[in-house]
Every structure is written in structure tokens, then in C-alpha cells.
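Read-outs: derived from the displayed coordinates by stated rules, not from any lab. It should be emphasised that the depicted structure is a prediction, and the values quoted were computed from it without experimental measurement. Cβ coordinates were reconstructed from backbone atoms using ideal geometry, including for glycine residues, and neighbour counts include every protein chain displayed.
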Amino acid sequence: MQEKIQSFTDLNAWKEAHKLALLVYRLTSDFPISEKYSLIDQMRRAAVSISSNIAEGFSRQSNKEKLQFYYTAKGSLTELQNQLLLSQDIGYIKKDIFNKIAEQTVVVGKLLTGLIKAIKSRS
């Protein structure tokens, strides 16, 4: 029997999004200092936005509100994926590191899609 989800931290989507944010913070700490207020800041904000919107959506009462936050999280995920591609193309990320983080973005995306489908099926 599955345990009841009592907090946003119980959601697999949040757990994996949190892991992704930690990966992004570690990754961007090696970026050139000239990117501190541009790409580093944007990537970190997008990564944090994913787990933050999952958390905020969890606390909302209506399914419509929940979906709004989960869709915003998906938007932030797509933004981060774009920034990761740009970072790789510029030469800030090696292929193996990029692949690891890209895989994590796919995991988060699938879990978010599952969360959205579950909410929609309740409506």
C-alpha cells in the first residue's frame, strides 16, 4: 500500500526537481564569473522555479489552481532545458555532464506530466 502524501516533499516530482536544482547549482558554480548576473542567474532561477511551483501547487485547494502551478513548473523546466543547450553549445558544459543533467530534466518532465494527468482525472 502506498503511503499518503502529506507534504509537497513527499511528491516524487518535487524530489526529482530538487535534485535537478542542486545539479544546476553545482554546474553553474564552474561557469565563468562574467556569467554571474546572466546565464548563471537565469539557470538557477529556472531550476528553483520548478520545485517551488510544484510546492506551491501542492498547497492550492482547487484543481484549476494546482494545474496552473504545475504548468508553470513545466514552463520553467523547458526554459532550463534551453539554457542547458545554450551552455553546452557555448562550451560551458561537457557532453557527459550535459547528458546527465538532460536526463534529469526528462525525469522531472515525465513526473510533472503524470502529476498533471492525475489532477485532470480528478476534475
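Within the stretch 18-63, work out how many residues are among the basic types (Lys, Arg) and either in contact (Cβ under 8 Å) with a residue 12 or more places away in the chain or in contact with a Leu (Cβ under 7 Å, 6 or more places away or on another chain) (or both).
Summing the residues that are among the basic types (Lys, Arg) and either in contact (Cβ under 8 Å) with a residue 12 or more places away in the chain or in contact with a Leu (Cβ under 7 Å, 6 or more places away or on another chain) (or both) in the stretch 18-63 gives 2.
Give me a count of the residues in the stretch 71-91 that are of a type in the set (Asp, Glu) and without any contact (Cβ under 8 Å) to a residue 12 or more places away in the chain.
Of the residues in the stretch 71-91, 1 are of a type in the set (Asp, Glu) and without any contact (Cβ under 8 Å) to a residue 12 or more places away in the chain.
State the number of residues belonging to the stretch 34-86 that are over 20 Å from Phe98 (Cα atoms) and of a type in the set (Val, Ile, Thr).
2
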